[in-house]
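Following: one structure in structure tokens, then a few remarks.
The values are calculated or read from the model by the stated rules, or taken from the named source; none is laboratory data. Because the structure is a prediction, the values reported are computed rather than measured. FYI the Cβ positions are ideal-geometry reconstructions off the backbone, even for glycines, and counts take in every protein chain you see.
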């Protein structure tokens, strides 16, 4: 069966771009946060960068899953997408609260009201979002084992280092972005040809 080359090429390009753009946008959020986390514009701009990066990470997870077929990779992809959905929800809440709050005190009050709702803290803030990082790390480990020519052995190491940096302090998110870009750039380039076949 012959497939349409234009649509598949566009899909592959989007996937390749996401591998670099997603972590770069997360790192840009970290920079914006360090520069201005107080004003309404700085808060909103930074969080929009983060939201865009997280949305693109959905393509990254699916792209890694194509590079690492099998039930284990599928499980890690599902785990990662669940955590990603929670993280996107969290950032979405942050943006809405930032836009609606009159001042810092009002913002804090609104966050308290939201987080006091039963289940919100573990699902949106503390537990489920961690699954994104678990899934991402697991996918890169599986991909490095089964597809070493596309995903180098040091990709999961850099992913782990970037994750630890962000967990240590939100001020290190720019470093996380850089580490993630370095980790995911090789699969973006080396896996483009295989991704083209998987997408059509």
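Values computed for the structure shown
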| item | result |
| --- | --- |
| Subset tally (residues that are within 14 Å of the chain's Cα centre (by Cα), touching a residue at least 60 places away in the same chain (Cβ under 8 Å) and over 15 Å from residue 27 (Cβ atoms)) for region 139-177 | 2 |
| Index of the failed condition, residue 96 passing every other in (1) surrounded by fewer than 19 Cβ atoms within 10 Å (Cβ to Cβ); (2) assigned to a helix (DSSP H, G or I); (3) touching a residue at least 12 places away in the same chain (Cβ under 8 Å) | (3) |
| Those residues of region 1-39 which are assigned to a helix (DSSP H, G or I), surrounded by fewer than 18 Cβ atoms within 10 Å (Cβ to Cβ) and modelled with pLDDT under 85, in sequence order | 5, 6, 7, 8, 9, 10, 11, 13, 14 |
| Residue 146 being more than 21 Å from residue 168 (Cβ to Cβ) and either at pLDDT below 95 or surrounded by 17 or more Cβ atoms within 10 Å (Cβ to Cβ) (or both) | yes |
| Residue 185 being at pLDDT below 95, out of contact with any strand residue (DSSP E or B) (no Cβ under 9 Å at 6 or more places or on another chain) and part of a helix (DSSP H, G or I) | yes |
| Checklist (1) part of a helix (DSSP H, G or I); (2) within 18 Å of residue 84 (Cβ to Cβ) applied to residue 113, failing item | (2) |
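Every residue, every condition in (1) in contact with a helix residue (DSSP H, G or I) (Cβ under 7 Å, 6 or more places away or on another chain); (2) modelled with pLDDT of 95 or more; (3) over 16 Å from residue 51 (Cβ atoms); (4) buried (at least 16 other Cβ atoms within 10 Å of the Cβ), yes or no:
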position: 86; (1), (2), (3), (4): yes, yes, no, yes
position: 90; (1), (2), (3), (4): yes, yes, no, yes
position: 101; (1), (2), (3), (4): yes, no, yes, yes
position: 107; (1), (2), (3), (4): yes, no, yes, yes
position: 121; (1), (2), (3), (4): yes, yes, yes, no
position: 124; (1), (2), (3), (4): yes, yes, no, yes
position: 127; (1), (2), (3), (4): no, yes, yes, no
